[in-house]
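Chemist: Quick one: structure below, then a few questions.
Readers should treat all values here as calculations from the given coordinates under stated rules, not as data from a laboratory. Source: prediction; values computed, not measured. Methodologically, a virtual Cβ is constructed for each residue, glycine included, from the backbone with ideal geometry; neighbour enumeration extends over all protein chains shown.
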Amino acid sequence: MQGIEPKVHTSLTSRMEYFRVVLQEAVDETDSQTSDILVKISELDELYKDYLLNKRNLEKSIRNYREYHDDLRKKLTTRLRELRKKPKRNNGNT
């Protein structure tokens, strides 16, 4: 993710890890309620879907920014070339 929104990434991954541990503990316990396990699996699945959606949105934003930046750089380069080609005018001398 290269430093983009690290808090969101860290938060989601830590929550996913927490639920993974809880699920593993629930599987190890013989008296666990099946409904509890299913709820936790569902929550973990939702967290993972949120993570993927956030990741896709960030990648799309990065791509859009890169395109925007490249466009501006091209326009600026073209404009600088035009300005350099114009003959310099002497102040007061014609």
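Chemist: Tabulate in residue order the Karplus-calculated ³J(HN,Hα) for the stretch 82-87, using 6.51 cos²θ - 1.76 cosθ + 1.60 with θ = phi - 60°, rounded to whole Hz; enter x for Gly and Pro.
Modeler: 4, 5, 5, 6, 5, x
Chemist: Another question, if that's okay. Can you compute the modelled spin-label distance between TYR18 and ARG79, with each label point 7 Å from Cα toward Cβ, in nm?
Modeler: Once both label points are built, they end up 4.9 nm from each other.
Chemist: Can you classify the stretch 6-85 as rounded, prolate or oblate using the Cα gyration tensor, where a ≥ b ≥ c are the square roots of its eigenvalues, rounded means a/c under 1.5, and otherwise it's prolate if a/b beats b/c and oblate if not? Display every interim value, and only then the final one.
Modeler: Working: a/c = 9.34, a/b = 5.30, b/c = 1.76.
Prolate shape, in that a/c is at least 1.5 and a/b is the bigger ratio.
Chemist: Which ordering of THR77, THR13 is given by a fewest-first count of other beta-carbon atoms within 10 Å?
Modeler: On the way: THR77 10, THR13 13.
Ranked by crowding around the Cβ, least crowded first: THR77, THR13.
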